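What follows is calculated from the coordinates using simple rules that are stated; it is not laboratory data. What you see is a predicted model, and the numbers here were worked out from it, not measured in a lab. Backbone-built Cβ (ideal geometry, glycine too); neighbour counts: all protein chains shown.
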């Protein structure tokens, strides 16, 4: 793939936007500009992560099975109470959510 | 976009029609300006200034947004709710009239008085020049909510509100699962949270009129304090703890997490006002339950708002970013519902 790649382009464009454009915008455009920077920041982090939730996905598959209808069956079981208080499942869901938060809204 | 999905008609002819219909309520009136206000993912708000015999009047006109989410009331119902709140003595914008006739502006709308100040949550929690004293504001908002919760079913003007026959928590969970069944992907974290909420649901008890979006961001303040409570489109019969939990939930503190009452003051400041006005004993465990529910509900709404963008129905950066807030809401929900 040609370089700079998508993540690198977004990163440098965002840096320039923050340094040169954001500070000189009138107050009534600032919120829109911050939202633009926020959206580009999410895209940058998502690209940098490379869609790599492989470990969590594999652990999830191990836990609930790998048949074609495993996920809908899992949801139905969960609603019926089959997974109530299951610490392994809770841990995995928490890990997955944490990884998504790190992309969408790191604190 | 065209037809009734589009914005309201603001042509000269439409202004003249609007002036005539406002005149019926306020006396001879000339529309000076119609200006779209920002915010409001579910409806469109316009600042309307009119000249009348008694001087310039500042109004707000509210109409449906191009695509709205299914669970919110239409403008006619919202207007009825606003009138009830106003009649109870709550601090709300004075309702003036509802217009069902789509030939005036292209879709139904209602008009109320415009209140001063700002509703922007991220500003209110950070900038002390707004809202006067924070503790007094929280106390006041608690009292206002208690006034609303005096309204009990049945109410002749609110016959359109569904009456829960089981715990309002279970009604909510069923609705959210119904939405998840129609969503294009499974949401295991949200499913986990909903199952926990189902197992811990409080029984059907006292029903009161709940605002259901009572939070920082939905009330106006100026430098003297509260000027108006807004956004009545989700109101319905429910558990009084629901509104308290929604107000205190971490996801509605706009980052000011240490101030548990909406990012403005301590939880006790808010509850003191509520209890003083209502005399009702508040169960902290039930408030905590509804704070957990708040994260599930906000996650569902965020998914729906994100979907309005993703589906192409209403391309919007606001909606797109709201869609990406689901992760943090699911994360908090999981933290609150561990084994």
- Remind me, relative contact order of segment B:3-113 in percent, using alpha carbon pairs under 8 angstrom and six or more residues apart? 25 percent
- Note on the structure: From fewest to most C-beta neighbours within 10 Å, the residues B:148, B:141 line up as B:148, B:141
- Message: On C-alpha positions alone, give me the angle between the axis of helix A:6-16 and the longest principal axis of chain A, in degrees, nearest 10.
- Response: 40 degrees
- Residue order, fewest to most surrounding Cβ atoms within 10 angstrom, among B:290, B:196, B:237: B:237, B:196, B:290
- Message: Kirkwood Rh and Cα-based Rg: tell me the resulting Rg over Rh for the protein assembly as shown, rounded to two decimals.
- Response: 0.98
- Item | Angle between chain B longest axis and helix B:168-182 axis [Cα atoms, degrees, rounded to 10] | 80 degrees
- Whether segment B:189-235 is rounded, prolate or oblate, judged on the alpha carbon gyration tensor where a/c under 1.5 counts as rounded: prolate
- Note on the structure: Expressed in angstrom and ordered largest first, the alpha-carbon extents of segment A:54-104 along the principal axes are 31, 24, 17
- Item | Hydrodynamic radius of segment B:166-271 per Kirkwood, over alpha carbon pairs, in Å | 15.5 Å
- Tilt, helix B:267-278 to longest principal axis of chain B (alpha-carbon atoms), in degrees rounded to tens, equals 70 degrees
- Note on the structure: By the Cα gyration tensor axes a ≥ b ≥ c (a/c under 1.5 gives rounded; else a/b larger than b/c gives prolate, otherwise oblate), the shape of segment B:121-336 is oblate
- Where labels lie 7 Å past Cα in the beta-carbon direction, separation of residue B:21 and residue A:71 in nm: 4.6 nm
- Note on the structure: Short to long, in 10 Å steps from zero, the percent of alpha-carbon pairs of segment A:1-75 per bin is 16, 29, 21, 19, 12, 2
- Note on the structure: Final fewest-first order of A:85, A:69 on the 10 Å Cβ neighbour count is A:69, A:85
